[in-house]
Amino acid sequence: MTALGDLLKTQITATGPMRLDTYMSACLMHPEHGYYSTNDPFGAAGDFVTAPEISQMFGELVGLCLAQTWMDQGAARNFALAELGPGRGTLLADILRATQKVPGFHNALGGVHLVETSPALRAVQAKTLARADLHWHDSVDTLPAMPLFVVANEFFDALPIRQFQRAGSGWCERLVGVEDDAFTLGLGAPHSNEMVAHRLEDTKEGDLIEVAQNSASIATALSQRIAQHGGAALVIDYGDWRSLGDTLQAVKDHEVTSIFDAPGEADLSAHVDFEALALGLTPGCCHTRLTPQGVFLERLGITPRAQALAKQMTGASLDAHLAAHRRLTHAEEMGTLFKVMALYPESAAPPPGLDT
Ligand code: SAH
């Protein structure tokens, strides 16, 4: 067992079963032993690979989508670019490079804002983005009050969730306990729950739902700025409209493992419930429908871009490039499982590439 595992067991033995969001939060963000606090988990040598790490084309197209949205809203002369959970900073680096040629964009760019809690990843981001005007934030609450163009790729799936199992017209919360020195999952007593009352209409006895409590309040904070000052947010993640079933998973060395195997050393994530984000929006800010990532990237021109890049490639690098294009867009890879939803001002046109 890991050092964090022992710590959590001691805590549970002393104070009783622990909520899943508390467990998940400790595994990911414990200051000393948390997965993101101590690691750079990305890339071929890490535990998982995200879309910007697969190909530069992802960030280029996201950048052009944001730049087009900035132009459609009148090319504000002072705006901020922000990313939630920027990982290695690769996506922002690609966005900043791809938008170099957009007239006026970089002159109007009043700062690059990174919402990141991990000190280890902040250090990596500082290196990757050395030439940009960088500002780090612990949460979205301190993002500037100005036109704000935001991207969040695989951020919301890392936010801690709670799980509830339907019991009559109430819910039992799934809790982490300890038995014979091993972690177990148990159920708390049934109780009615305002937060998930709306799910009584589409669930039956025994169904399991997941709630990421922070998601809605993050959407609220973003939407307040977007409604008041303009801008947009692109949320890209795996998940769907409303959660159903247990989607919490642990990944270590590119393999799925139990969430209890190596607390603090495996990545934990859960499917994003996009409806929860939509429910958090402030009046004046609306959202697009969910668009599959493959469709979004095709509409923004990933295939001609891939062909242009392919012209300068041969052999193994060409094969890798073609595989990356497929991986980002194909229905059997990330194309369908990953969805894109944009938040934008009610008075403005939606960002390009999205279903409305
Ligand atoms: N967007 C990047 C990385 C995704 S991994 C990419 O596409 O490659 C998740 C990122 O979110 C990491 O940078 C992690 O440290 C950060 N993160 C996770 N939970 C967070 C929280 N509650 N607040 C701020 N950042 C968080």
Original post:
GLY284: net charge of surrounding residues, Cβ under 15 Å, Lys/Arg +1, Asp/Glu -1, itself excluded?
Top reply: 0
**OP:** Output the direction-averaged projected area (hull surface divided by four) of the convex hull of the alpha-carbon atoms of segment 166-237, in nm².
**Re:** 7.4
**OP:** Please build a GNM for the chain, connecting alpha carbons under 10 Å apart, and tell me which residue among MET24, MET313, MET146 fluctuates the most.
**Re:** MET313
Original post:
Using alpha-carbon pairs under 8 Å, 6+ residues apart, how would you state the relative contact order of the chain in percent?
Top reply: 20
Original post:
Running Debye on segment 247-331 with equal point scatterers at the Cα sites and no solvent, what base-10 log of I(q)/I(0) appears at q = 0.13, 0.15, 0.19 Å⁻¹?
Top reply: -0.76, -0.88, -0.95
Subject >> Cα centroid separation - segment 118-143 against segment 1-30, whole Å >> reply: 28
Original post:
What translational D, rounded to a whole number of µm²/s, comes out for segment 90-140 from Stokes-Einstein when the hydrodynamic radius is the Kirkwood one over Cα pairs, at 10 °C and 1.306 mPa s?
Top reply: 135
**OP:** Specify the inter-centroid distance of segment 148-175 and segment 294-328, based on alpha-carbon positions, in whole Å.
**Re:** 34
**OP:** Please give the per residue accessible area of segment 77-217, computed with a probe of 1.4 Å over protein heavy atoms only, in Å².
**Re:** 44
Subject >> Dimensions in Å of the chain - Rg and Dmax from alpha carbons >> reply: 20.7, 64
Original post:
Can you list residues whose amide H is under 5 Å from LEU175's amide H, if they're 5+ apart or on another chain and H is modeled 1.01 Å from N?
Top reply: GLY186, LEU187, GLY188
Subject >> Amide hydrogen neighbours beyond the local backbone of GLY110, cut-off 5 Å, H modeled >> reply: PHE79, ALA80, LEU81
Original post:
Of the trypsin sites (Lys or Arg not before Pro) in segment 191-284, which ones lie in a loop per DSSP and count no more than 14 other C-beta atoms within 10 Å?
Top reply: LYS204
**OP:** Any chance you could give the angle, 0 to 90 degrees and rounded to 10, that helix 315-329 forms with the longest Cα principal axis of the chain?
**Re:** 60
**OP:** Could you tell me what percent of the accessible area of the chain is made up of carbon and sulfur, with a 1.4 Å probe and every protein chain present?
**Re:** 52
Original post:
Around PRO119, what is the net charge, scoring Lys/Arg as +1 and Asp/Glu as -1 over all other residues with Cβ under 15 Å from its Cβ?
Top reply: -1
Original post:
Hey, what D do you get for segment 150-302 in µm²/s if you plug the Kirkwood alpha-carbon radius into Stokes-Einstein at 20 °C and 1.002 mPa s?
Top reply: 124
Original post:
Which angle between 0 and 90 degrees, to the nearest 10, do you get for helix 20-29 versus the longest principal axis of the chain when only C-alpha atoms count?
Top reply: 50
Subject >> Neighbourhood charge, 13 Å Cβ-Cβ cut-off, centred on GLN213 and excluding it, Lys, Arg +1 and Asp, Glu -1 >> reply: -3
Subject >> Surface/4 estimate of mean projected area, convex hull on alpha-carbon atoms of segment 74-163, nm² >> reply: 6.6
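The values are calculated or read from the model by the stated rules, or taken from the named source; none is laboratory data. Since the structure is predicted, the reported quantities are computational estimates derived from the model, not experimental observations. Here Cβ is always computed from backbone atoms with ideal geometry, including for glycine, and neighbour counts include all displayed protein chains. Just the protein is used for accessible areas: all its heavy atoms, side chains included, with ligands, DNA and RNA removed. Shrake-Rupley method; radii C 1.70, N 1.55, O 1.52, S 1.80 Å.
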